[in-house]
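The values are calculated or read from the model by the stated rules, or taken from the named source; none is laboratory data. What you are looking at is a predicted structure, and each value in this text was computed from that prediction instead of being measured. As a convention, Cβ positions derive from the backbone with ideal geometry for all residues, glycine included, and neighbour counts pool all protein chains shown.
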Amino acid sequence: MVQSYPAAAIEILLVEDSPSDATLTMRNLEQSKLTNRVTWLEDGETAMRYLRQTGEYTQSLRPDLVLLDLNLPGLDGREVLHEIKTDPHLRTIPVVVLTTSAREADILAAYEMNVNCYITKPVDIQQFIQVIQLINDFWLTIVKLPPT
């Protein structure tokens, strides 16, 4: 007899300054068949404190996946991506850029900084929901994430 155990929850860090985009993303991620926990932060400085477990985030859980907007107030997503991918303790965390920018320069720069995936947010709400479901299906079901 094979016993199955519930899979550990997948920790997702959503760094997004738009409350409506964040709500829509979280709602769709929560509909997953997998157990996941989403932490939403609205700016890059807070995200880096969370990832480095400093300040009020000394007990934060290391995310299995980061969903990152590029256009953030203060420390923007480009700088957050750079900090994650140059930090030996954070660089193995997969980062998916989910942003409105379709600029070739942003796409190239993100890949040069070792982003794992770059997705331009669709304007249409139904397409946006479909993109979130595809992220969920691919990154949380198919891909083997590194151990935390």
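Applying the selection to segment 112-130, what residues are touching a residue at least 24 places away in the same chain (Cβ under 8 Å) and more than 19 Å from Ile93 (Cβ to Cβ)?
Within segment 112-130, the subset touching a residue at least 24 places away in the same chain (Cβ under 8 Å) is 113-115, 121, 125, 128-129.
Listed by number, the residues that qualify are Lys121, Ile125, Phe128, Ile129.
Can Ile93 be described as out of contact with any Gly (no Cβ under 7 Å at 6 or more places or on another chain) and within 23 Å of Pro19 (Cβ to Cβ)? Explain how you work it out, then say what you get.
On the way: out of contact with any Gly (no Cβ under 7 Å at 6 or more places or on another chain): yes; within 23 Å of Pro19 (Cβ to Cβ): no.
The answer is no for Ile93.
If I ask for residues that are crowded, with 17+ Cβ neighbours inside 10 Å and more than 13 Å from the chain's Cα centre (by Cα), which ones from segment 64-74 would you list?
Initial filter on segment 64-74 (crowded, with 17+ Cβ neighbours inside 10 Å): 64-70, 72.
Once the filter is applied, which keeps residues that are crowded, with 17+ Cβ neighbours inside 10 Å and more than 13 Å from the chain's Cα centre (by Cα), segment 64-74 yields only Leu72.
Looking at Tyr57, Tyr111, can you tell me which residue is surrounded by 14 or more Cβ atoms within 10 Å (Cβ to Cβ) and modelled with pLDDT of 95 or more? Working first, answer last.
Details: Tyr111 fails: surrounded by 14 or more Cβ atoms within 10 Å (Cβ to Cβ).
From the options Tyr57, Tyr111, the qualifying one is Tyr57.
Which one of these does Ser4 not meet: (1) surrounded by 17 or more Cβ atoms within 10 Å (Cβ to Cβ); (2) at pLDDT below 95?
All conditions pass for Ser4, except number (1).
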